[in-house]
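Right, one structure below, let's go through it.
The values are calculated or read from the model by the stated rules, or taken from the named source; none is laboratory data. Keep in mind that this is a model prediction, so the values were computed, not measured. When we count neighbours, we look across all protein chains shown, and the Cβ atoms used for this are built from the backbone with ideal geometry, even at glycine. Accessible surface is based on the protein model in full, side chains and every heavy atom, while ligands, DNA and RNA are left aside. Shrake-Rupley method; radii C 1.70, N 1.55, O 1.52, S 1.80 Å.
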Amino acid sequence: MIARVHVTLKPGVLDPQGAAVRHSLGALGFDGVEKVRQGKVIELKLSETDVAKAEAQVNEMCEKLLANTVIENYTVEIL
Amino acid sequence: MRAAVIQFPGSNCDRDMAVALDKVSGHNKPTQIIWHKESGLPSGLDVIAIPGGFSFGDYLRCGAIAARSPIMRAVVDFANKGGYVLGVCNGFQVLTESGLLPGALMRNAGLKFVCKDTDLRVETSACEFTSGYKAGSTINVPIAHHDGNFNADTDTLKALNDQDRVAFRYVNNPNGSMEDIAGILSENRRVLGMMPHPERLNDPLLGGIDGNPLFESLANAMVSA
């Protein structure tokens, strides 16, 4: 089973990297990009076969390591 | 004072930190350097230092992997029992990631790695780390980091201010850090995390001695305790 974790900065947390990407897009002529927020995607291959259990495990992984919940939100997708 | 320095793969200020601690320890035993895979600490330690560097290549988030290494469980226990812990630069990031200090250190607002001497205002002398400085005085200490932009929610900032737990602020903010914060204390004032490097400034040959009072006051406190 594959789990996909999206980690994003919480709303309101400044994202200087996203701002730099937006600026660069503007320099390439892509007007109208109002905001860019950069995050990460983490894919996990799990031996667990039960979807609910897998989801619970991955949520715990996010809380303990994959996301820093002081500044980041996360979502878990089981594929 | 009996001190130890924790060493992770990618630590690069561990020996500088040990030299700074040796200089004030009051005995001839060298400061122990403890590898991250150790699960326990030697007994009788007064101070643990988490050095600067790029532990685990800054993978995932700066300090994130180091904060979950076996030795950090022992360091958290040590701190919870009232032990003194000093985290500098990457060490500060490890302390926030391990939950010993609040907030998080994010990418510098200017996106650049900043390596230069910076003026810091000593905000409090009411802890064993800063009692050798005069509150309100300015010291000059080098910084060298890519992720020193301190970020915390408004409640955390309020608590840090109300409880006099901001140890140092930048005079000219180099990294976008909230409220110019350069270093903070734990609630019991025995854990200090700071981005600037006092261990790099403890000998005139290194360009200055503004880092000395930090190590000296810590050592003096351990003698009288």
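In the set (1) part of a helix (DSSP H, G or I); (2) more than 10 Å from chain B (Cβ to nearest Cβ); (3) closer than 27 Å to residue B:156 by Cβ, residue A:5 fails one condition alone, (1). Considering the stretch B:119-162 alone, what residues qualify as being charged (D, E, K, R) and within 13 Å of another protein chain (Cβ to nearest Cβ)? Correct list: B:147, B:153, B:155.
Considering the conditions (1) away from every other protein chain (no Cβ under 14 Å); (2) touching a Phe, Trp or Tyr at 6+ places or on another chain (Cβ under 9 Å); (3) polar (S, T, N, Q), residue A:57 is excluded by exactly one of them, (2). In the stretch B:68-88, the condition of being of a type outside the set (S, T, N, Q), closer than 22 Å to residue A:67 by Cα and under 14 Å from the mean Cα position of the chain (by Cα) is met by at least one residue.
Among the candidates B:50, B:34, which residue alone is in contact with a Gly (Cβ under 8 Å, 6 or more places away or on another chain) and open to solvent by less than 40 Å² (accessible area, probe 1.4 Å)? Before the answer, list the steps.
Numbers: B:34 fails: in contact with a Gly (Cβ under 8 Å, 6 or more places away or on another chain).
Going through B:50, B:34 in turn, the sole match is B:50.
When the stretch B:180-216 is filtered for residues that are open to solvent by less than 10 Å² (accessible area, probe 1.4 Å) and in a helix (DSSP H, G or I), the ones remaining, listed by number, are B:198, B:199, B:214, B:215.
Residue B:167 passes every criterion in (1) open to solvent by 10 Å² or more (accessible area, probe 1.4 Å); (2) away from chain A (no Cβ under 14 Å); (3) of a type in the set (A, V, I, L, M); (4) touching a residue at least 40 places away in the same chain (Cβ under 8 Å) apart from (1).
Please specify each residue of the stretch A:20-78 satisfying the condition of being over 23 Å from residue B:94 (Cα atoms), among the basic types (Lys, Arg) and not in a loop (DSSP other than H, G, I, E, B).
Keep residues of the stretch A:20-78 that are over 23 Å from residue B:94 (Cα atoms), which gives A:20-37, A:43-57, A:75-78.
Imposing the further condition that a residue be among the basic types (Lys, Arg) reduces the set to A:22, A:35, A:37, A:45, A:53.
Correct list: A:22, A:45, A:53.
Out of everything in the stretch B:7-31 that is open to solvent by 50 Å² or more (accessible area, probe 1.4 Å) and in contact with a helix residue (DSSP H, G or I) (Cβ under 8 Å, 6 or more places away or on another chain), what residue ends up being nearest to residue B:214 (Cα to Cα)? That would be B:23. Within this structure, residue A:13 fails the test of being closer than 27 Å to residue B:153 by Cβ, open to solvent by less than 80 Å² (accessible area, probe 1.4 Å), touching a Gly at 6+ places or on another chain (Cβ under 7 Å) and within 14 Å of chain B (Cβ to nearest Cβ). Scanning the stretch B:55-91 for residues that are touching a strand residue (DSSP E or B) at 6+ places or on another chain (Cβ under 8 Å) and either open to solvent by 40 Å² or more (accessible area, probe 1.4 Å) or at positive phi (or both) yields B:63, B:89. Scanning the stretch A:40-54 for residues that are away from every other protein chain (no Cβ under 12 Å) and either open to solvent by 50 Å² or more (accessible area, probe 1.4 Å) or not charged (D, E, K, R) (or both) returns A:41, A:43, A:44, A:45, A:46, A:47, A:49, A:50, A:51, A:52, A:53, A:54.
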